[in-house]
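What follows is calculated from the coordinates using simple rules that are stated; it is not laboratory data. Since this is a predicted model, take the numbers as computed values, not measurements. Counting neighbours? That spans all protein chains shown, and the Cβs are built from the backbone with ideal geometry, glycine included.
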Amino acid sequence: MDFPPFEHLLYYERVHGARLNISYSNIREFRLDGFRRGLPKNLDLNWTFRNGTPGLRELIAKRHRTSSRHVLVTTGATEANFLVNASLVRPKDRVLVDIPIYSPLRDVPRGVGANVVEIPRACKDGWRLDLDRWRKLAGRRARLLVFANLNNPTSTALTRSDLRELADIAEECDGHVLVDETFRELAFEDAPPSATEFGHRMIALSTVTKVCGLGTLRVGWIVGAPDLLDRFAGLKDYTTGGGSVLSQTIATWALSRWDFFLRRARRILDVNRKIAADALREMPALEEGVPSRGSVLFPHCSVHVAKLADRLLRQYKTVIAEGRFFGVPDHFRLGLGGETRDLRKGLANLRRLLRSIS
Ligand SMILES: Cc1ncc(COP(=O)(O)O)c(C=O)c1O
């Protein structure tokens, strides 16, 4: 195994002290007291269920319109992505990856030795998905086809018909489709269906991190065919074993109030989306408006993005996420889930800097 460094994460580690980070993809943090309840005093801290606690698996299954037999709880979506790749992908296998994308979805298959074929979408075509190209490149031997739905960083969605066709392609190449659905429900009433509604070759993963702002619980999941989950669970026995019962208890509270979390996310995003749209209109160096769904946007920038990000950090203590982290260097990512006053200030800093250099 030879994993490329996780550049985006390392960058965030380096800039952690900066005043304003307007690039995060999560909805702002939720705190323990927001649940207004206490942990059960008799909670067994010695033993837990291998595949996740039954109540939590039931609630996750509902979000994907399936049964809990199809759910494996993991240590975040991060472990979920690792388990799928390390279980299904062998060295030199062909893995097709949608670009731009959140880098671990591209780099974990690389880490386990796959021949990763990046299939870029173009901003000038409205990030259109070319399924003919996917079919051609999958041929008869692609092992895994990888997407995020909604996409991180563009917030584009795979539609029901895209998913149906991807399931056909997987059948033809005798492979699987992995869809990271971390942001799927942030399209609210327009949320695309879960990939797992389209048959046994489709695998979905997700997490409480982004929708709820509960990243440190480290609770995620995989939804897929039970025989596949057995293989993933067999590998998980060597990574984390059973997950944290403390975290899974709190994640169960979150999933049982999921509509509350969606309403909260929507309130925050509606306000910030409007602020971002107004601000972007005053920055002619940036192309592409603010998408109507999701928590992130990915404008094209006519100014050199690495230099812009560096000056924004040094002069204004403001952080954006360079497009190179997602495979498209002349763009950058902004996040809409944070504090409104921070977004406003960060965008004003960005506008000031762009005015002075473009
Ligand atoms: C698409 C996507 N999947 C997964 C994750 C990480 O999820 P978790 O915190 O559950 O490991 C992120 C975090 O940025 C993400 O953007």
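Would you list which aspartates and glutamates come within 15 Å of residue 274, measuring only between C-alpha atoms, while excluding same-chain residues fewer than 8 positions from it? Partners within reach: 282, 288, 339, 342.
Order these by the 10 Å Cβ neighbour count, fewest first: 47, 134. All intermediate terms of the calculation are to be shown ahead of the outcome.
Working: 47 7, 134 22.
Least crowded to most crowded, the residues run 47, 134.
Across the range 180-197, computed HN-Hα scalar couplings (Karplus, 6.51 cos²θ - 1.76 cosθ + 1.60, θ = phi - 60°) run 7, 9, 3, 10, 3, 7, 7, 9, 6, 5, 9, 4, x, x, 5, 4, 6, 6 Hz from first to last residue, x flagging Gly and Pro.
The relative contact order of the chain comes to 25 percent, based on Cα pairs under 8 Å that sit 6 or more residues apart. Residues of the range 168-195 with amide nitrogen under 13 Å from the 7 Å Cα-to-Cβ point of residue 69? So the set is empty, nothing qualifies. Mean residue ellipticity at 222 nm, helices only, the chain: -12500 deg cm²/dmol; runs of at least 4 DSSP H residues each add -39,500 (n - 2.57), and the sum is divided by the number of residues. Dipole magnitude for the range 246-313: about 320 debye, using +1 per Lys or Arg Cβ and -1 per Asp or Glu Cβ, origin at the Cα centre. Pop a pseudo-label 7 angstrom from the Cα along the beta-carbon direction at both residue 39 and residue 140 and give the gap in nm to one decimal. Label-label distance for residue 39 and residue 140, simple model: 5.5 nm.
Measuring between alpha carbons in the structure, the pairs from 124/345; 62/236; 124/210; 92/307 lying more than 26 angstrom apart are 124/345; 124/210; 92/307. For the range 48-257, report the % of Cα-Cα distances exceeding 25 Å. Value for the range 48-257 (Cα pairs over 25 Å): 32 percent. Against the empirical 2.2 N^0.38 Å (N residues), the chain has a Cα radius of gyration ratio of 0.98. Computed with the Debye formula from one identical point scatterer per Cα of the range 13-100, without solvent, the log10 of I(q)/I(0) at q = 0.20, 0.21 Å⁻¹ comes to -1.23, -1.23. Evaluate the range 42-86: find the radius of gyration of its Cα atoms, find its Kirkwood radius, and give the ratio Rg to Rh. Ratio of gyration radius to Kirkwood radius: 1.02. The label point for residue 49 and the one for residue 13, both projected 7 Å from the Cα toward the Cβ, are 3.5 nm apart. When the chain is treated as a Gaussian network with alpha carbon springs shorter than 10 Å, the biggest mean-square fluctuation among 325, 147, 30 belongs to 30. When only alpha carbons are used to place a centre, the range 12-62 and the range 190-207 end up 22 Å from one another. Paramagnetic label reach from residue 28 (point 7 Å along Cα→Cβ; backbone nitrogen cut-off under 20 Å): within the range 325-358, residues 334-350. Modelled spin labels at residue 341 and residue 303, positioned 7 Å past Cα toward Cβ, are 2.6 nm from each other. For residue 321, nonlocal amide neighbours, meaning residues 5 or more places apart or on other chains whose placed amide H falls under 5 Å from its own, are 333.
Panel order for 200, 304, by other beta carbons found within 10 Å of each beta carbon, from fewest to most: 304, 200.
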